[in-house]
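Presented below is the structure to which this report refers.
The values are calculated or read from the model by the stated rules, or taken from the named source; none is laboratory data. This one's a predicted model, so the numbers in the text were calculated from it and none came from an experiment. Neighbour counts are summed over all protein chains in view; Cβ atoms, including those assigned to glycine, are modelled from backbone coordinates with ideal geometry. Just the protein is used for accessible areas: all its heavy atoms, side chains included, with ligands, DNA and RNA removed. Shrake-Rupley method; radii C 1.70, N 1.55, O 1.52, S 1.80 Å.
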Amino acid sequence: MRLKQVIIAYKAGDRDSKAWAERCAKELEARDCKVLLGPSGFKDNPYPVFLASATQSIDLGIILGGDGTILAAARHLSPENIPILAVNVGGHLGFLTEPFSLFQDTENLWYRLENDLYAVERRMMLEAQIWERNKNDIEAVSDRFFCLNEMCVKPACLDRMPTAILEMEVDGEVVDQYHGDGLIVSTPTGSTCYTASASGPIIHPGMSAIAVTPICPLSLSSRPLLLPPRSVVSIWTLGDYELNNKLWMDGVLATSIWPGQWVSISMAQCQAQFIILREAHSFYKTLREKLQWAGARIYCENNHRN
């Protein structure tokens, strides 16, 4: 990998994340690399400025923070085919990040990157767009939105908790109507986040699949669905006359859905590319450690393993 122009984004408001970002920027600039540096957070989105001001192709995005910071980077950098080195600096869970211990020796890090001493893990993403029928034509009425974890359709209201009535089609065929708090359409990466909280399936990130999970449905027959990756999921919002229903991407508001419109969700053409520094990278170890799986209440030794 060449290091001629690099993005460094750090968790907004975190002192350690900012300090390490500034240190990395100083070291890279000493190696004749142009650095685009800035905070990323709820009120800070540096990526449009980064991408617009780049004077040449961007070789790498170094993202210092937690999972929320990484998700924001993936939404903006993955469509531009920019690999991401995600490091848990100032984050909490760190499900998507490399350990900080492998990042501290930055001079060794630059050597490894420049000499391709790393692996690249590609993760499936989703894209969504709002559509409506104009006379006899169907036309898109929104930008394309991307996510690494999940797209979610659910109401947002300040003074009450409205339920949603959502009709879902898969590849043009009606599957069901859901009456409840919303629908989650998730990637395998997102299956360990909001989808898992809503009792959806946990999917290995090496798979390509789409999980659809109802949120608190008012019917015991409404169950999660696991769909082929090329499926197109269309969600109609019914009975919403106050513009309560919204489309959310990775927990961030994308847009409102007006009556008569629907959102189409499918696998994105781009993939998130994560730089892996660890020699042993295990999804199952991540599940045990990050989700703190306790196992059976009575533990038995497995003597047959030896």
Could you please tell me which pairs satisfy a Cβ distance under 7 Å, a separation of 6+ or placement on different chains, a first residue in the range 47-62 that is closer than 20 Å to residue 24 by Cα, and a second residue that is of a type in the set (Phe, Trp, Tyr)? none
Which one is nearest to residue 70 (Cα to Cα) among residues in the range 171-208 that are of a type in the set (Gly, Ala, Ser) and open to solvent by less than 10 Å² (accessible area, probe 1.4 Å)? 190
Quick one: residue 138 ticks every box in (1) within 27 Å of residue 287 (Cα to Cα); (2) among the β-branched types (Val, Ile, Thr); (3) open to solvent by 60 Å² or more (accessible area, probe 1.4 Å) except a single one, so which number is it? (1)
Look at the range 260-304 and say how many of its residues are open to solvent by less than 80 Å² (accessible area, probe 1.4 Å) and in contact with a Leu (Cβ under 8 Å, 6 or more places away or on another chain). 11
Every residue in the range 62-90 that is under 14 Å from the mean Cα position of the chain (by Cα) and open to solvent by 20 Å² or more (accessible area, probe 1.4 Å), please. 67, 68, 75, 76, 79
Taking into account only those residues within the range 97-135 that are exposed (fewer than 14 other Cβ atoms within 10 Å of the Cβ) and part of a loop (DSSP other than H, G, I, E, B), which is farthest from the chain's Cα centre (by Cα)? 135
